[in-house]
Every structure is written in structure tokens, then in C-alpha cells.
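Asker: For reference, the structure I am asking about is given below.
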Amino acid sequence: MKTTLNIKGSLLAQARALAAQEEITLTHLIEESLQLRLRTPRPFRKSKIHVYKGEGGLVLGLNPLSNKTMLDTIEDCD
């Protein structure tokens, strides 16, 4: 199945280099990585999204219509 992913450039470069070093395709590396992650359960953890700072409205740079900015905000709060 084909899909589109948004991956940070530096991470993608590292993945491509590893795939080349191991003489496997990038697809195979990603599938293998997903299988490993899915076999390793993690405890449930609630994430807090800081989107409102009182009087000022939404956090600067947050676009409530963009999943990417919402996820970036979550990652910045961890």
C-alpha cells in the first residue's frame, strides 16, 4: 500500500544511510521499525496541549487548523 509521510529531513537522511549500509530498501527499514515499535507496548500517557495562555489567545505560532502545528506543540511541551 502506498502512503505519504511527513518525516524530518535529518531523520530521513539517517534512515536512508542506514538502509544503504544494511543493503535494504528504505521501505523495508520503515516496516521493520514499525513492527518492532508495535511489539513493544508503552504505558498510556496523557499529553497536555498548551494552546491558551489566558488573555493572549492561542500560543504564538499555533494554527488550530493544522495537525502538524498541534503535534509540534505537544512535542515542545514534553
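Bear in mind that the values in this text are calculations on the coordinates, not laboratory data. What you see is a predicted model; the values in this text were computed from it and never measured. Glycine also receives a Cβ, built like all others from the backbone with ideal geometry; neighbour counts cover every protein chain displayed.
Asker: Say R0 is 25 Å: what FRET efficiency, to the nearest 0.05, do Leu62 and Leu12 get from their beta-carbon distance?
Answerer: 0.50
Asker: From Cα coordinates alone, what are the radius of gyration and Dmax values for the range 1-42 in angstrom?
Answerer: 11.2, 30
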